[in-house]
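Notes to accompany the following structure.
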Amino acid sequence: MLDERDAPGPGRGRPAGGHDPAPSIRAAGGVVWRPADRPDQASGGPAGPGDGGVLVCLVHRPRYNDWSLPKGKLEPGEHPLLAAVREVAEEADVRAVPQVRLPSVGYRSEGHAKTVDYWSMRAVGTGGFQPGTEVDEVRWLGVDEAVRLVSYPHDAEVLAAFAALPTVTGTVTLVRHAHAGKRATWSGPDTGRPLDAEGWTQAHALAPLLALVRPARLLSASARRCVQTLDPAAALLDLPIEVDGDLDEPRPGQQPDECALAAAARLAALGAAGEPVGVCSQGKVIPGALARLSGRQGDFSTPKGGGWLLAFADGHLLAADRL
């Protein structure tokens, strides 16, 4: 852990002209919550930040004598979301499921620029504590009490953003199929085009990200490359892959808007079902479906092997965060 005492607010200590000769530090963590009436774990029921009936987790570091949100540095090549969940487990002894991305904060720590990415996370169990994390105490507090206790203004700002969220009632991890070569070089039907070596590497990298939300189901568009993209996750989670034509690209004579509408309706239904789901679809479907779900035009282009963490509140899309 790095000392934050020289950086009580975002952006403090930046050199004139914005030049920062020291290497920047990437870190990640979470606002971990549980219903106030369930001391051991959250059941995924209706409690959430929007109703105030939750407790959030703070950790104490004796080296700095501070109270802060659990967080830590990324390991080389580690995805920030993987790091956030890992650090929460190691520092707070909490197994947690990410739901919504919260504001990132930046400050200086021991002469280095540091950026910390945060997610709201639902506590689902215990385990993972590492004694070497420099944490000697964990407290579960109401949000208002936590805001008063934290040692740094940027933690209070992240907690305020969390408190403003409505209750998340469903999550969907939506990914685009991984790399599958070029259509022009495949002699068979396009639906049978398989992943290439790069695509399999991407699929294996996606598996632990999909596993973070602990999906109860895995759904795929019918193209072979989509099903194969979920294969490593299915093996990791011991789940079957359900093929769903509502996630397919347009067939000959079918309008793109028709497919986007069908996919958006399917994703909304999955988000309203109340259990986490992992979904693989296609590049001509995802942008239009997300535009319909969000009710706005935006950059929803998704590279092959990329994806989104979708959070729903009462059947409506609350947040779409790039993985």
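For region 177-215, filtering for residues that are loosely packed, with under 15 Cβ neighbours inside 10 Å and among the acidic types (D, E) leaves 2. Picking from residues in region 296-323 that are open to solvent by less than 70 Å² (accessible area, probe 1.4 Å) and without any contact (Cβ under 8 Å) to a residue 24 or more places away in the chain, the one that is farthest from the chain's Cα centre (by Cα) is G298. When P49 is tested against the conditions (1) modelled with pLDDT of 95 or more; (2) surrounded by 23 or more Cβ atoms within 10 Å (Cβ to Cβ), the lone failure is (1). With a requirement of 2 or more residues that are among the charged types (D, E, K, R) and open to solvent by less than 40 Å² (accessible area, probe 1.4 Å), the helices (runs of 4 or more DSSP H) lying completely within region 73-176 that satisfy it span 80-92. Beta carbons closer than 7 Å, at least 6 apart along the sequence or on distinct chains, pair a first residue in region 68-95 that is over 20 Å from E137 (Cα atoms) with a second that is aromatic (F, W, Y) and buried (at least 22 other Cβ atoms within 10 Å of the Cβ) for L81/W119.
Being outside any loop (DSSP other than H, G, I, E, B), among the aliphatic types (A, V, I, L, M) and in contact with a strand residue (DSSP E or B) (Cβ under 9 Å, 6 or more places away or on another chain) holds for only one residue in L236, L219, and it is L219.
Among the candidates D190, D144, the residue that is of a type in the set (D, E, K, R) and touching a Gly at 6+ places or on another chain (Cβ under 9 Å) is uniquely D144. Taking the criterion of being under 16 Å from V59 (Cα atoms) and aliphatic (A, V, I, L, M), the residues of region 117-152 that qualify are M121, A123, V135, V138, L141, V143, A146, V147, L149, V150. In this entry, D257 passes the filter for residues that are modelled with pLDDT under 95 and in a helix (DSSP H, G or I). In the set L267, L247, L261, only one residue is within 18 Å of F312 (Cβ to Cβ) and open to solvent by 70 Å² or more (accessible area, probe 1.4 Å); that residue is L261. Restricting to region 50-102, name every residue that is polar (S, T, N, Q) and in contact with a Pro (Cβ under 6 Å, 6 or more places away or on another chain). Matches in region 50-102: none. When region 52-72 is filtered for residues that are part of a strand (DSSP E or B) and either open to solvent by 10 Å² or more (accessible area, probe 1.4 Å) or basic (K, R) (or both), the ones remaining, listed by number, are L55, H60, R61, W67, K71.
Could you list, in sequence order, all residues of region 270-290 that are in a loop (DSSP other than H, G, I, E, B) and either open to solvent by less than 50 Å² (accessible area, probe 1.4 Å) or under 21 Å from R224 (Cβ atoms) (or both)? Selection gives G274, P276, Q282, G283, K284, V285.
When the test is whether a residue is charged (D, E, K, R), free of Cβ contacts under 8 Å to residues at least 60 places away in the same chain and crowded, with 20+ Cβ neighbours inside 10 Å, R225 passes it.
Being on the phi > 0 side of the Ramachandran plot, out of contact with any Asp or Glu (no Cβ under 7 Å at 6 or more places or on another chain) and at pLDDT 95 or above is a condition met by no residue of region 194-207.
The values are calculated or read from the model by the stated rules, or taken from the named source; none is laboratory data. Because the structure is predicted, anything quoted here is derived from the model rather than measured. Here Cβ is always computed from backbone atoms with ideal geometry, including for glycine, and neighbour counts include all displayed protein chains. When the accessible area is computed, the model is the full protein with side chains, heavy atoms only, and any ligands, DNA or RNA have been set aside. Shrake-Rupley method; radii C 1.70, N 1.55, O 1.52, S 1.80 Å.
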